[in-house]
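As structure tokens, the structure follows; a few thoughts come after it.
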Amino acid sequence: MDKPVNDTKTTMTAETAENHVGRLSAISARSAVIVSIVSLLTLTIGAADTPGVMKFEDIAATAGVRVRHHTRQFKGATGDVLHMFTSGGAAASAGDFDNDGFDDLFVTNSNEGTTSYLYRNNGNLTFTNVAEKLGVGGGNDAKSIVADSVWFDYDNDGWRDLLVVRFGTPILYHNERAAAFRDVSASSGLTTFGNTIAAMAFDYDNDGRLDLLFGNYFKPLNLLDLPDPHVLPNDLDNAVNGGGVTLWHSLGNGRFENVTAKAGFAGHTGWTLDVGHGDFDDDGDQDVYLANDYGTDRYFVNDGDGTFTDKTETALGGFDTKKGMNVDVGDYDNDGKLDVYVTNITDEYMKECNMLWHNNGDGTFTDLSRETGTCETLWGWAAKFGDYDNDGLLDLFVVNGLRSAGPDNYIPVLVEMITRPGVDFTDVRQWPSIGTMTWSGYQKKKFYRNLDGQVFKEMSAAAGVDNDKDGRGLAVADYDNDGRLDFFQANADQEPLLYRNVTTGAGHWIQLKLVGSKSNRDAIGARVTVKTAARTQIREVDGGNGYAGQSLQRLHVGLGASTAVPSVSVRWPSGAVQQVTAVLDRLTTVREPASSGSR
Amino acid sequence: MRRFGLHCLLAAGVALALAGRVVAQNGWDADAARLEAAVAASPDDLRAGNDYRMAVIVAARTDRNLVKYDRAIAFFEKLVTDHPTAANAHLNYGFAYVDKIPAAGAITQVILANNALGAFTKSLDLRPSWIGLYTRGNSYLFWPRIFLRTKYGIADLEEALKMQNAEPKRPYHVRTYVSLGDGYWKMDDLPKAIATWKDGLAAFPDSAALRDRLAKQGDDLQKLIDDSYDPSKRVDTSLQDLWTNQ
């Protein structure tokens with residue numbers, strides 16, 4: 001293993017910026033190759049006055065990550081239906097578990113007997129699967145289905161730990177300085193059964209320790225040994241019999257306490273598909289948005305005292321009936337307020353439209369998906385903001401597609417059931433088998449370029465990302481440290497894609513790796529404000545926003561043609577505010593002053 | 001049923017405004033009971049049922065209370081159970097489902113639309129009528145192609161056209177030309193669609209809906225027709241034209 005990056009920084013001050021390329025060359029001989037690559041790339045990117053032409057190429061095969069995901073196969077007459085309802089767990093999480101400066105990847109597998117993958121980034125756009133060697137490949141047993149994962153440093157020791165959530169009980173792995181992972185689930189208290197499809201780490205009470213929010217799809221019944229066939233949604237637009245969410249508060253001794261009810265989340269019993277967080281009201285604590293299938297999304301405002309208040313009706317203007325799949329957070333119009341993007345279903349047979357919740361800054365949001373051109377992405381799954389051409393505006397990539405199979409279409413069959421008088425939707429036995437039929441399959445992905453902060457242009461074909469796989473999760477990161485955001489697309493029952501960003505003429509950029517001291521070490525919840533002459537941008541470190549995925553922890557900010565050193569301000573979760581000098585076209589590590597904090 | 005002219009919109013608007021005033025003055029429960037009593041006293045009276053439904057739309061829109069739509073559906077369900085041979089009661093029953101569609105979620109919309117079709121079919125089985133054929137035929141056009149129901153819509157609309165050609169010309173007959181042309185278009189038979197719209201324009205030269213269709217091509221025409229059959233938009237189900245535009 002390479003010398004950990006953090007070890008090279010122990011003498012740095014909080015405002016010290018470092019030349020990432022120079023650091024890498026000192027780390028290992030292997031990295032010399034990267035230095036050359038990055039040096040060459042910096043000659044071709046970051047110099048344009050006009051926006052670059054966004055382009056990506058799939059390198060999954062050469063990178064060694066083109067290995068198929070397998071959804072869980074169920075036995076019995078209802079197995080076909082349960083398989084459909086649990087096919088969402090193709091997830092990917094980016095995280096630098098070995099502190100070598102390159103983001104690694106954890107990729108789930110879900111069928112019994114299969115193992116998940118921990119792809120260690122070799123630093124040269126190849127990866128090595130070390131899941132079994134390091135002990136994190138398991139989890140798919142006769143009672144459990146792996147569905148999502150999150151990297152987070154729960155004990156603030158400087159090594160990111162790994163949480164694997166399941167339709168079952170979660171698994172928490174402690175990172176043993178990248179030499180191995182130790183299963184600490186039992187001692188952590190995370191032993192409650194749930195049908196968890198989403199998870200995120202955030203410090204909701206700003207106590208310096210990362211807490212966990214689980215999004216649960218089904219109510220907590222073991223789907224693999226069904227005691228009762230009435231497990232499916234009680235209403236296909238307004239379901240209230242799902243698993244809701246579970247909030248786990250970190251006690252700081254390696255243990256977590258279930259505070260769902262105490263915090264105000266117990267009333268939510270929807271079919272949660274994704275959970276997202278951000279300081280939407282800019283009051284210094286993290287609020288929560290829940291995307292729910294078969295009904296109403298929920299918006300919870302953090303009251304600052306360990307509780308949350310459901311503000312859905314007033315903030316979102318009512319209760320939606322859509323099939324919420326994804327929560328991603330970003331300030332797409334650079335107005336200094338965090339917005340939310342939610343995918344729904346917009347297909348030939350159902351016209352829901354996605355939701356781009358523009359934050360009005362007064363506690364309310366307005367859906368501008370139609371106005372911005374981001375409404376129709378077919379059967380949407382993950383969507384991630386990212387400034388893929390470094391022009392200072394957040395673009396958006398959206399994956400879609402449920403099930404690509406034979407020529408027959410499942411929808412007419414399904415509608416026959418749905419419209420049958422008196423049918424009980426909750427009864428899994430009522431749902432017709434899908435067999436070899438296709439359901440919203442072979443759908444082209446959508447890539448939206450942000451033109452001006454108001455309107456997006458769909459350009460997936462031109463960008464080379466219009467694949468028609470059955471996409472699920474996304475993990476956006478700068479896997480080759482060249483200053484351009486790449487992304488990994490996990491697909492259900494299919495091979496994944498790793499899109500390397502080869503955009504030419506991209507703008508300048510900065511990347512910031514924040515390291516908390518009084519705040520949680522991952523700095524999740526920290527807000528950065530970056531000012532240039534052209535614009536002001538904000539970013540927040542998040543702990544797993546976006547369906548079935550976790551993206552880069554470091555903050556990536558495109559600067560366009562500006563070569564001036566931007567003004568950077570960091571607001572830590574502790575409340576401390578720090579001015580930082582970032583280096584153009586480089587990664588800058590920022591440490592929170594040890595004496596910081598007002599909370 | 002699609003809106004098709006300014007006069008129709010105005011008529012419906014007046015009806016809705018009047019209904020709204022009634023609701024505001026007396027409270028919904030009392031007004032609903034009064035309107036329901038009027039319908040129950042004359043179950044086959046298309047107009048009485050129509051007035052009740054229009055009042056429901058206003059009341060539900062005012063306070064976004066979907067329960068009011070459900071009350072109307074339940075009322076008409078009981079009405080047709082009590083009066084199974086009242087063809088117009090079945091027609092209004094179907095419209096009660098349609099009235100709730102834009103306020104419902106995407107999957108519930110499918111269920112409501114299917115229920116409406118069932119009620120329209122029952123009405124036609126009891127007593128074939130132009131309004132019944134037009135309504136059911138037009139309703140089929142709202143279903144995406146994947147459900148293969150457009151052909152049934154065309155069959156109903158062709159029958160409605162025959163029926164209206166054998167009657168004195170009424171202003172609302174223009175709707176059949178619009179919808180039938182749309183049906184052909186949905187079946188990818190553009191020449192037949194254009195011919196139908198042209199026939200309609202010859203008979204109703206003031207029809208903006210027909211002019212719009214004939215003036216557009218390609219994606220523009222598709223957008224026009226897609227917008228016309230968007231289930232999230234409220235369809236004007238007022239039948240007032242039947243007695244005000246003779």
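The values are calculated or read from the model by the stated rules, or taken from the named source; none is laboratory data. No experiment lies behind these values; they were computed from the predicted model shown. Here Cβ is always computed from backbone atoms with ideal geometry, including for glycine, and neighbour counts include all displayed protein chains. The protein model used for the area step is the full one, side chains on, heavy atoms only, and it has no ligands, DNA or RNA in it. Shrake-Rupley method; radii C 1.70, N 1.55, O 1.52, S 1.80 Å.
Numerical summary
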quantity	calculated
Any chance A:Gly254 is in contact with a Ser or Thr (Cβ under 9 Å, 6 or more places away or on another chain) and among the small types (Gly, Ala, Ser)	yes
Some residue of the range A:370-380 being within 23 Å of the chain's Cα centre (by Cα), away from chain B (no Cβ under 13 Å), closer than 29 Å to B:Ile101 by Cα and open to solvent by 30 Å² or more (accessible area, probe 1.4 Å)	yes
Residues being more than 14 Å from chain B (Cβ to nearest Cβ) and on the phi < 0 side of the Ramachandran plot - total across the range A:290-306	9
Long-range neighbours under 6 Å by Cβ, at least six apart or interchain, first residue at positive phi within the range A:485-510, second part of a loop (DSSP other than H, G, I, E, B) and open to solvent by less than 10 Å² (accessible area, probe 1.4 Å)	A:Asp493/A:Thr71; A:Gly505/A:Gly52
Residue in the range A:102-142 that is surrounded by the most Cβ atoms within 10 Å (Cβ to Cβ), counting only those that are β-branched (Val, Ile, Thr) and within 18 Å of the chain's Cα centre (by Cα)	A:Thr108
In the range A:560-581, the residues that are open to solvent by less than 10 Å² (accessible area, probe 1.4 Å), at pLDDT 95 or above and in contact with a Ser or Thr (Cβ under 6 Å, 6 or more places away or on another chain)	A:Trp572, A:Pro573, A:Ser574
In the range A:239-262, residue surrounded by the most Cβ atoms within 10 Å (Cβ to Cβ) [restricted to those that are within 22 Å of the chain's Cα centre (by Cα) and in a loop (DSSP other than H, G, I, E, B)]	A:Gly244
Top-ranked residue in the range A:351-369 [being within 14 Å of chain B (Cβ to nearest Cβ) and surrounded by fewer than 22 Cβ atoms within 10 Å (Cβ to Cβ); ranked as farthest from A:Arg554 (Cα to Cα)]	A:Lys351
Residues satisfying the stated conditions in the range A:211-221, i.e. over 18 Å from A:Val301 (Cα atoms) and open to solvent by less than 40 Å² (accessible area, probe 1.4 Å)	A:Asn216, A:Tyr217, A:Phe218
Matching residues, the range A:186-238, being among the aliphatic types (A, V, I, L, M), away from chain B (no Cβ under 14 Å) and either over 17 Å from A:Ile145 (Cβ atoms) or assigned to a loop (DSSP other than H, G, I, E, B) (or both)	A:Ala186, A:Leu190, A:Met200, A:Ala201, A:Leu210, A:Leu212, A:Leu213, A:Leu221, A:Leu226, A:Val231
Number of positions in the range B:115-167 that are more than 20 Å from B:Asp189 (Cα to Cα), within 14 Å of chain A (Cβ to nearest Cβ) and of a type outside the set (A, V, I, L, M)	4
Test: residue in the range A:457-468 that is touching a residue at least 60 places away in the same chain (Cβ under 8 Å), touching a helix residue (DSSP H, G or I) at 6+ places or on another chain (Cβ under 9 Å), open to solvent by less than 10 Å² (accessible area, probe 1.4 Å) and farther than 22 Å from A:Pro573 by Cβ	no
Yes/no for B:Val98 being crowded, with 23+ Cβ neighbours inside 10 Å, more than 14 Å from chain A (Cβ to nearest Cβ) and outside any loop (DSSP other than H, G, I, E, B)	yes
Qualifying position, being part of a loop (DSSP other than H, G, I, E, B) and open to solvent by 10 Å² or more (accessible area, probe 1.4 Å), among B:Thr81, B:Thr62, B:Thr85	B:Thr85
Selection within the range A:504-515 - more than 22 Å from the chain's Cα centre (by Cα) and either open to solvent by 10 Å² or more (accessible area, probe 1.4 Å) or among the basic types (Lys, Arg) (or both)	A:Thr504, A:Gly505, A:His508
Residue match in the range A:384-400 (condition: surrounded by fewer than 19 Cβ atoms within 10 Å (Cβ to Cβ), farther than 17 Å from A:Lys445 by Cβ, more than 14 Å from chain B (Cβ to nearest Cβ) and touching a Lys or Arg at 6+ places or on another chain (Cβ under 9 Å))	no
Residue match in the range A:314-321 (condition: buried (at least 21 other Cβ atoms within 10 Å of the Cβ), in contact (Cβ under 8 Å) with a residue 12 or more places away in the chain, within 14 Å of chain B (Cβ to nearest Cβ) and in a loop (DSSP other than H, G, I, E, B))	yes
Pairs, first in contact (Cβ under 8 Å) with a residue 40 or more places away in the chain in the range A:340-368, second surrounded by fewer than 18 Cβ atoms within 10 Å (Cβ to Cβ) and assigned to a strand (DSSP E or B), C-beta under 8 Å, six or more apart	A:Trp357/A:Thr366
Meets criteria (surrounded by 22 or more Cβ atoms within 10 Å (Cβ to Cβ), of a type in the set (D, E, K, R) and in contact (Cβ under 8 Å) with a residue 60 or more places away in the chain) for A:Lys518	no
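Quick grid of which residues meet (1) among the hydroxyl-bearing types (Ser, Thr, Tyr); (2) closer than 16 Å to B:Ala106 by Cβ; (3) more than 14 Å from every other protein chain (Cβ to nearest Cβ); (4) more than 16 Å from the chain's Cα centre (by Cα):
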site: A:His277; (1), (2), (3), (4): no, no, yes, no
site: A:Phe308; (1), (2), (3), (4): no, no, yes, yes
site: A:Tyr332; (1), (2), (3), (4): yes, no, yes, yes
site: A:Val340; (1), (2), (3), (4): no, no, yes, no
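Conditions tested, residue by residue: (1) charged (D, E, K, R); (2) in contact with a strand residue (DSSP E or B) (Cβ under 7 Å, 6 or more places away or on another chain); (3) not in a strand (DSSP E or B).
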site: A:Leu512; (1), (2), (3): no, yes, no
site: A:Thr529; (1), (2), (3): no, yes, no
site: A:Ala534; (1), (2), (3): no, yes, yes
site: A:Gln537; (1), (2), (3): no, yes, no
site: A:Asp542; (1), (2), (3): yes, yes, yes
site: A:Gly546; (1), (2), (3): no, yes, yes
